[in-house]
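This report refers to the structure that appears directly beneath it.
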Amino acid sequence: MSTPSRLKGPLILLLSLVLLCAGVAVLVGVFGLLVKLLGLG
């Protein structure tokens, strides 16, 4: 039961977009934590 090649493109695009958003969220969270720890915020 493999996905049709017609759907594979948008699926990979959506997955990479979700991963990108998750990565950005993690980076922003870590940066905010660092700022708090350093007492700049």
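Where a number appears in this text, it was derived from the coordinates with a stated rule and is not lab data. Quantities reported herein were computed from a predicted structural model and do not represent experimental measurements.
Could you state the angle between the C-alpha long axis of helix 5-38 and the longest principal axis of the C-alpha atoms of the chain, as a value from 0 to 90 degrees rounded to the nearest 10? Result, in degrees: 10. Given the alternatives [x] 27, 27, 20, 15, 10, 2; [y] 26, 31, 20, 16, 7, 0; [z] 24, 25, 21, 16, 10, 4, 0, P(r) over Cα pairs in 10 Å bins from 0, in percent as computed for this entry is given by [x].
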